[in-house]
Amino acid sequence: MCYRGYNCKCVAGSRAPLRPFGRGQIVKTVRLNHLRAALLTAAAAGLLAAVGLLVVLYAQPAEANYPGTPGKIAYSGWDGNDLEIYTINPDGGSNVKVTNNQSGNEAPAYSPNAKKIAYSGWDGNDWEIYTINTNGGSTKNVTNNNTDDRFPYYSPSGTKIAYSGEGGNDWDIYTINTNGGGRKNVTNNNTDDENPAYSPSGTKIAYSGKDGNDWDIYTVNTNGGGRKNVTNNNSTNDYQPDYAPGGTKIAYAGNDGNDWDIYTINTNGGSRKNVTNNNTDDFQPSYSPSGKNIAYVYDPGTGDTEIYYIKPDGGGRKSVTNNNTANLYPYWGCKGGCK
């Protein structure tokens with residue numbers, strides 16, 4: 001089922017919301033020849049619905065982070081059959097495959113103690129939130145229901161996970177205990193809310209919200225009150241918020257009418273800074289635990305998306321992944337656990 005009102009493509013039977021950032025934005029499909037061949041083969045074999053693959057690269061989540069020593073970056077990578085969860089050193093070394101199954105796995109988020117990774121996984125019928133040890137092994141289905149649940153993000157205490165859930169009419173921000181109980185609808189309105197990210201203090205959640213005209217970045221108290229529109233404009237779509245470890249800045253992906261760039265803004269709003277400021281699409285920002293760099297996805301327009309990082313002032317850009325396939329959803333974890 002396509003996401004309502006958007007120019008989108010759906011994976012057969014997946015009910016996954018496959019969509020561009022905003023209304024009318026052109027969907028970009030993965031253009032790698034081997035990926036096309038894999039999709040055709042999977043479709044011919046009747047396996048595409050079970051795999052639940054994403055074939056668009058936009059409108060996905062970024063994850064916020066907490067203070068600590070920068071560790072490995074978790075991300076979703078195409079393994080030739082589907083998206084799996086990997087971890088990698090910022091210099092590109094020690095690339096480890098964490099999940100290894102026959103279904104789509106996306107949007108990883110480290111737990112604050114760096115021992116677990118939460119992610120969105122396709123169960124054959126819908127998207128659920130799972131957790132897994134960082135070295136792999138058995139998984140736990142946290143949400144375990146019959147609706148789509150995506151874009152997980154651990155609370156600073158590590159006891160809760162925020163995520164975006166489909167309630168039948170729209171998407172809302174929920175929180176749930178890591179053992180699966182105590183689900184709470186935080187936003188609980190009639191508009192779409194996605195991409196939650198806890199503040200380092202644990203008192204706020206930033207998210208992307210549809211205001212009737214476009215997508216803006218909002219913050220809300222974890223109990224649901226105190227909603228604030230941070231970006232508050234009617235000319236651009238703003239998506240994928242990510243708190244800086246100090247809690248005073250939010251990074252996000254914004255469209256200037258030509259392409260997507262990484263921006264930063266104060267948590268109370270005001271003027272924004274274009275960090276990447278180029279002619280290619282950059283999205284899904286994730287602050288390093290030190291706050292000195294921002295990881296993000298770089299798309300040169302070939303379908304070969306790679307993970308890069310850059311300083312918040314726009315300098316020192318470096319490549320993390322460097323291969324010939326799609327790499328998405330970076331989340332920069334804390335070495336040995338966040339402080």
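Numbers for the structure displayed
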| quantity | calculated |
| --- | --- |
| Residue list for the range 248-259, filter: closer than 19 Å to Asp313 by Cβ and assigned to a strand (DSSP E or B) | Lys249, Ile250, Ala251, Tyr252, Ala253, Gly254 |
| The listed residue being among the basic types (Lys, Arg) and within 25 Å of Gly77 (Cα to Cα), out of Lys273, Lys318 | Lys318 |
| Some residue of the range 286-300 being touching a Leu at 6+ places or on another chain (Cβ under 7 Å), open to solvent by 20 Å² or more (accessible area, probe 1.4 Å) and part of a loop (DSSP other than H, G, I, E, B) | no |
| Count of the range 84-96 residues which are open to solvent by less than 10 Å² (accessible area, probe 1.4 Å) and touching a residue at least 60 places away in the same chain (Cβ under 8 Å) | 2 |
| Selected residue (criterion: modelled with the lowest pLDDT) from residues of the range 218-236 that are among the polar types (S, T, N, Q) and open to solvent by 30 Å² or more (accessible area, probe 1.4 Å) | Ser235 |
| Any chance Gly303 is over 16 Å from Ala107 (Cα atoms), assigned to a loop (DSSP other than H, G, I, E, B) and in contact with a Leu (Cβ under 6 Å, 6 or more places away or on another chain) | yes |
| Residues within the range 114-124 that are open to solvent by 20 Å² or more (accessible area, probe 1.4 Å) and either modelled with pLDDT of 95 or more or in a strand (DSSP E or B) (or both), tallied | 3 |
| Residue selected from the range 186-201 under the condition surrounded by fewer than 16 Cβ atoms within 10 Å (Cβ to Cβ) and farther than 16 Å from Gly226 by Cβ, by the criterion farthest from the chain's Cα centre (by Cα) | Asn190 |
| Members of the range 321-334 found to be open to solvent by 30 Å² or more (accessible area, probe 1.4 Å) and aliphatic (A, V, I, L, M), listed by number | none |
| Any hit, the range 150-168, residues being of a type in the set (Val, Ile, Thr), under 18 Å from Lys228 (Cβ atoms) and surrounded by 21 or more Cβ atoms within 10 Å (Cβ to Cβ) | no |
| Filter result (in a strand (DSSP E or B) and over 29 Å from Gly68 (Cβ atoms)) within the range 190-244 | Lys210, Trp215, Asp216, Asn229 |
| Residue that is surrounded by the fewest Cβ atoms within 10 Å (Cβ to Cβ) [pool: residues in the range 301-320 that are of a type in the set (Val, Ile, Thr) and under 17 Å from the mean Cα position of the chain (by Cα)] | Thr305 |
| Any hit, the range 134-155, residues being in a loop (DSSP other than H, G, I, E, B) and in contact with a Cys (Cβ under 7 Å, 6 or more places away or on another chain) | no |
| Among residues of the range 266-275, those that are closer than 19 Å to Gly315 by Cβ and either among the basic types (Lys, Arg) or in a strand (DSSP E or B) (or both), counted | 3 |
| Residue in the range 170-178 that is out of contact with any helix residue (DSSP H, G or I) (no Cβ under 6 Å at 6 or more places or on another chain), outside any strand (DSSP E or B) and within 23 Å of Asn133 (Cβ to Cβ) present | yes |
| Index of the failed condition, Thr99 passing every other in (1) open to solvent by less than 10 Å² (accessible area, probe 1.4 Å); (2) out of contact with any Gly (no Cβ under 9 Å at 6 or more places or on another chain); (3) in a loop (DSSP other than H, G, I, E, B) | (2) |
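The values are calculated or read from the model by the stated rules, or taken from the named source; none is laboratory data. Quick caveat: nothing in here was measured; it's all calculated off a predicted structure. FYI the Cβ positions are ideal-geometry reconstructions off the backbone, even for glycines, and counts take in every protein chain you see. The area values use the complete protein model at the heavy-atom level, side chains included, leaving out ligands, DNA and RNA. Shrake-Rupley method; radii C 1.70, N 1.55, O 1.52, S 1.80 Å.
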